[in-house]
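Right, one structure below, let's go through it.
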Amino acid sequence: MRSKVVLGRMLKNRQARYGMIAFVALVLLAYVGPFVGPYDWTDKDFLSFLVPPGGDHWWGTTTIGQDMYALTLRGMQKSIVIGVLTALIATTLAAIVGAFAGYFGGWIDKALMWGVDLLLVLPSFLVIAIISPRLKESSWLWFVVLLAVFTWMITSRVVRSMTLSLREREYVQAAVYMGIPRWKIILKHIVPNLSSLLIIDYTLNVSGAVIGEAALSFFGFGIQPPEVSLGTLIAEGARNATGYPWLFAFPAGLLVLLVLSINLIGDGLRDALDPGSNS
Amino acid sequence: MGRYLLRRLAMNVVLVAIAASLAYMLAATTMNPRASYEGRQPPVPVEVIDRTLDNYNLNDKTPVLERYVRWASGVVTGDFGSKWNGGSVGEEMGRRIGVSLRLLFIGTIVGFALGVALGAYSAVRQYKLSDRVIGVGSFVVMAIPVFVMATMLAIATYNLNRGLGFTLIEYTGEYNPNVTGFWPLLFNRLNHLILPTISLSLGAIAFYSRIQRNMMLDVLGQDFVRTAMAKGLRRRTALFRHALRTALIPSATYFAFAFGTMFVGATFTEKIFAWHGMGAWLVDSIQQNDVNSVAAVALFTAACILIAAFISDLLVAALDPRVRVS
């Protein structure tokens, strides 16, 4: 079985192993950690403002007495969910658009690729920054959709060019002559053959989305209060970083660790799925 | 070839026009420049606000299409309209492009040169300790977002300066307006450049070094490098003349792209170190509900990206004969 071979190679890959261990540990910290801590993320301790890390408040407190430990973990939960969901939407979109454009060719291909070019030219940061603060009342899921809409284009181009060559393979031709509908050929014969590319792309999109969310939230264009994410916490902490470093160090450190672990997994996956490549 | 280039140029002009129009529509329908005039003390009469906004083509009581037509006919003749407070968007853009260029020129070049050098070096020393250190280092640096890196640098400098008791390295702004004289001013400007340049180029170094290492490893295994050494070329000459030159192509195309988009600015670095360039304008214009500036930034960015992509494609064709044939 190919999946077993790949899994075996991946477990042998030291990078991927460390990445997996770190990622699982971070996810556990984000979701189990809050139950261990003494405070809830909504609690405000009016007796201790801006207290440095210590026995009672493990990672210190904020200007309004929130517990940094609970707050940071809450933010990390949101960042992980945003990363995973955004990458899921983006990779799915890339696979479908790219495969359809490549398989059908003709005006469908032209129209889709023209859309891709247009999205690449539109300054994504600007568009998301204008729209997302206006979504205040609605759910943060819209923010995820917005992020995803601006992430998938380059992969879909790669998918398209790979589809162009897959289209000519015998098994695809055979499927055509057996009278299988085209959309089924795309979903059952072409997309599965791109799976290694898509899995790698998915992993890298997760870390891209985590950074993207944090970058937009840094200027207040991302997740809106009272909700928190690593990005909003870093933005808040960076303002006071010189005097109260713990406000910045914990969210920023966790963000870097999260991105690093995901990138390690992505790199290891690439080696395992696609031994020929070296990029 | 000429016809292909012309067609591509026409296509790009259309893309830029559409991107800018979409950005204008989005900004004009969602932003509210009126807010900057309302609620002032003493209150400004509504008629005065309307008249001012009409003058600047920012009045939300005028239908969007009408405003759009006025804006677009201005842009075609090179007039980008007025800022929310009446200043000229075109002039502001010229000034800010200058700032971004002064900030990014050195960083872009340093990032490319050091990145390529490190990548090539670690390829030659494959699996040795230095290769591993460079590899792990660039991997870690690539996981640190610019805004975290820049903030860390600012904190470190603040503490260093405080520890020393005087300001050794500056960390806000482009220069100190109180400094006079050519040499002191130049020195002051360079001092202000240190931190932003580091924060900009570290990421670029990591990025280029990874690409360059992979390409170099590909090339080093090939016959023509071995042949060159077999012919009696010294190892150093063979590496520089034959291997490095061939392996430069991908990095060079990325560099061409980075060079073209340099005018667009570096949003995070400019904001964190308080340089008022194009990148900072992107954020400022949105926060100030400045519709015409937002549209101008969008137009300029789109144009730069397309030109940069075009140049980097041309460069590939110039450097790599195989591309020219197909």
| said: I'd like the full set of residues that are hydrophobic (A, V, I, L, M, F, W, C), free of Cβ contacts under 8 Å to residues at least 24 places away in the same chain and either surrounded by 11 or more Cβ atoms within 10 Å (Cβ to Cβ) or within 14 Å of chain A (Cβ to nearest Cβ) (or both), limited to the range B:49-66. | reply: B:I49, B:L53
| remark: Considering residues that are closer than 22 Å to B:L103 by Cβ and among the hydroxyl-bearing types (S, T, Y), the number found within the range B:181-231 is 4
| request: Confirm whether B:N214 is in a helix (DSSP H, G or I) and within 13 Å of another protein chain (Cβ to nearest Cβ). | output: yes
| query | For the range B:87-98, does any single residue satisfy the condition of being surrounded by 21 or more Cβ atoms within 10 Å (Cβ to Cβ) and within 14 Å of chain A (Cβ to nearest Cβ)? | reply | no
| task | Would you check if there is a residue in the range B:280-288 being within 9 Å of chain A (Cβ to nearest Cβ), open to solvent by 30 Å² or more (accessible area, probe 1.4 Å) and without any contact (Cβ under 8 Å) to a residue 40 or more places away in the chain? | result | yes
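Residue-wise test of (1) under 20 Å from the mean Cα position of the chain (by Cα); (2) assigned to a helix (DSSP H, G or I); (3) under 15 Å from A:S79 (Cβ atoms); (4) not β-branched (V, I, T).
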residue	(1), (2), (3), (4)
A:V6	no, yes, no, no
A:Y18	yes, yes, no, yes
A:F23	yes, yes, yes, yes
A:Y31	yes, yes, yes, yes
A:P34	no, yes, yes, yes
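Conditions tested, residue by residue: (1) more than 26 Å from B:M278 (Cα to Cα); (2) within 14 Å of chain A (Cβ to nearest Cβ).
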site: B:A19; (1), (2): no, yes
site: B:N32; (1), (2): no, yes
site: B:G39; (1), (2): yes, no
site: B:G78; (1), (2): no, no
| request: Go through the range A:1-40 and give me each residue that's within 23 Å of A:T62 (Cβ to Cβ) and open to solvent by less than 70 Å² (accessible area, probe 1.4 Å). | output: A:L26, A:L29, A:A30, A:G33, A:P34, A:G37, A:Y39
| query | List pairs: first in the range B:148-160 and within 7 Å of another protein chain (Cβ to nearest Cβ), second open to solvent by 20 Å² or more (accessible area, probe 1.4 Å) and in a helix (DSSP H, G or I), Cβ under 8 Å, 6+ apart or cross-chain? | reply | B:V148/A:V256; B:T151/A:A238; B:T151/B:I272
| request: Scan the range B:289-310 residue by residue and report those that are open to solvent by 10 Å² or more (accessible area, probe 1.4 Å), more than 8 Å from chain A (Cβ to nearest Cβ) and closer than 23 Å to A:P133 by Cα. | output: B:N289, B:L299
| message | Would you confirm, using the coordinates I've provided, whether B:L118 is in a helix (DSSP H, G or I) and open to solvent by 30 Å² or more (accessible area, probe 1.4 Å)? | response | yes
| query | Taking the condition among the hydrophobic types (A, V, I, L, M, F, W, C) and either surrounded by fewer than 18 Cβ atoms within 10 Å (Cβ to Cβ) or under 30 Å from A:K188 (Cα atoms) (or both), does A:V51 pass? | reply | no
| field | Failed item in (1) closer than 20 Å to A:V259 by Cβ; (2) touching a Ser or Thr at 6+ places or on another chain (Cβ under 8 Å), with A:V84 passing the rest | value | (2)
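Yes/no matrix, rows are residues, columns are (1) modelled with pLDDT of 80 or more; (2) polar (S, T, N, Q):
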position: A:S48; (1), (2): no, yes
position: A:W59; (1), (2): yes, no
position: A:G65; (1), (2): no, no
position: A:T72; (1), (2): yes, yes
position: A:G83; (1), (2): yes, no
position: A:A87; (1), (2): yes, no
| query | Quick one: which helices (runs of 4 or more DSSP H) sit completely within the range A:169-279 and have at least 3 residues that are surrounded by 20 or more Cβ atoms within 10 Å (Cβ to Cβ)? | reply | A:195-218, A:230-239, A:246-273
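Listed here are the residues, each with its yes/no results for (1) modelled with pLDDT of 85 or more; (2) hydroxyl-bearing (S, T, Y); (3) within 16 Å of B:V124 (Cβ to Cβ).
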residue: B:T227; (1), (2), (3): yes, yes, no
residue: B:H242; (1), (2), (3): no, no, yes
residue: B:F259; (1), (2), (3): no, no, no
residue: B:D284; (1), (2), (3): yes, no, no
| query | Residues in the range A:119-136 that are open to solvent by 10 Å² or more (accessible area, probe 1.4 Å), in a helix (DSSP H, G or I) and either farther than 19 Å from B:A17 by Cα or within 9 Å of another protein chain (Cβ to nearest Cβ) (or both): how many? | reply | 7
| query | Mind checking which pairs have a first residue in the range B:124-147 that is within 12 Å of another protein chain (Cβ to nearest Cβ) and closer than 16 Å to A:L260 by Cα and a second that is modelled with pLDDT under 90 and not in a helix (DSSP H, G or I), Cβ under 8 Å, 6 or more apart or different chains? | reply | B:V146/B:A266
| said: Condition first: crowded, with 18+ Cβ neighbours inside 10 Å, assigned to a helix (DSSP H, G or I) and in contact (Cβ under 8 Å) with a residue 60 or more places away in the chain. Now tell me which residues in the range A:150-165 satisfy that. | reply: A:T155, A:S156, A:V159, A:R160, A:T163
| query | Only one residue in B:V179, B:V148, B:V141 is open to solvent by less than 30 Å² (accessible area, probe 1.4 Å) and in contact with a helix residue (DSSP H, G or I) (Cβ under 6 Å, 6 or more places away or on another chain), so which one is that? | reply | B:V148
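The values are calculated or read from the model by the stated rules, or taken from the named source; none is laboratory data. Please read all numbers here as calculations on a predicted model, not as lab measurements. Cβ: placed from backbone, ideal geometry, glycine included. Neighbour counts: every protein chain shown. With ligands, DNA and RNA removed, areas are computed over all heavy atoms of the protein, side chains included. Shrake-Rupley method; radii C 1.70, N 1.55, O 1.52, S 1.80 Å.
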